[in-house]
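Let me begin by presenting the structure, written as structure tokens, before commenting on it.
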Amino acid sequence: MPLYEHVFISRQDLSNAQAEGLVEHFSTVLADNGGKVVFSEYWGVKTMAYKINKNRKGHYAYLRTDSPSAGILEMERLMRLHDDVMRILTIKVDEHADGPSVQMQKRDEREPRRERR
């Protein structure tokens with residue numbers, strides 16, 4: 001099955017438990033449509049570069065999935081309809097990286113940047 005990575009931003013006035021509950025909710029939507037969540041991370045409340053729906057901050061969540069495209073389309077459809085979800089991003093990848101995402105790694109654990117010319 002194809003591999004996908006998802007990031008979604010939910011409203012800032014949700015509690016941490018409610019934001020993590022959204023991850024579980026969308027994981028069950030994928031499972032009902034023949035997919036599975038390989039890895040998920042809750043990144044916490046972060047300040048955004050610009051306001052979205054009058055919000056300056058939002059709860060960020062990250063999912064790595066292995067799912068057919070029909071499951072992904074259904075999950076995205078439900079995310080767009082959900083009042084608490086402000087933005088979504090889905091990317092199809094060739095393979096999932098091992099370990100935590102770059103967002104959760106400490107600065108000294110990351111690979112060094114390449115030199116600029």
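Among the residues of the range 76-117, which ones are modelled with pLDDT under 90 and of a type in the set (A, V, I, L, M)? Hits for the range 76-117 are Val93, Ala97, Val102, Met104. Residues in the range 13-71 that are closer than 24 Å to Val93 by Cα, without any contact (Cβ under 8 Å) to a residue 60 or more places away in the chain and hydrophobic (A, V, I, L, M, F, W, C): Val23, Phe26, Val29, Leu30, Ala31, Val37, Val38, Phe39, Ala61, Leu63, Ala70. Taking the range 37-54 as the range and being of a type in the set (D, E, K, R) and either in contact with an Asp or Glu (Cβ under 6 Å, 6 or more places away or on another chain) or surrounded by 15 or more Cβ atoms within 10 Å (Cβ to Cβ) (or both) as the test, only Glu41 passes. The set of residues in the range 11-36 that are over 15 Å from Met75 (Cα atoms) and surrounded by 13 or more Cβ atoms within 10 Å (Cβ to Cβ) comprises Arg11, Gln12, Leu14, Gln18, Ala19, Glu20. Could you list all residues from the range 35-55 that are of a type in the set (D, E, K, R), assigned to a strand (DSSP E or B) and either in contact with a Pro (Cβ under 9 Å, 6 or more places away or on another chain) or under 15 Å from Met86 (Cα atoms) (or both)? Glu41, Lys46, Lys51 - these are the residues of the range 35-55 that are of a type in the set (D, E, K, R), assigned to a strand (DSSP E or B) and either in contact with a Pro (Cβ under 9 Å, 6 or more places away or on another chain) or under 15 Å from Met86 (Cα atoms) (or both). Considering each residue of the range 61-89, count those that are assigned to a helix (DSSP H, G or I) and among the basic types (Lys, Arg), and give that number. Of the residues in that region, 2 qualify.
The values are calculated or read from the model by the stated rules, or taken from the named source; none is laboratory data. Computed from a predicted structure; not experimentally measured. Positions of Cβ are backbone-derived with ideal geometry, glycine not excepted, and every protein chain shown enters the neighbour counts.
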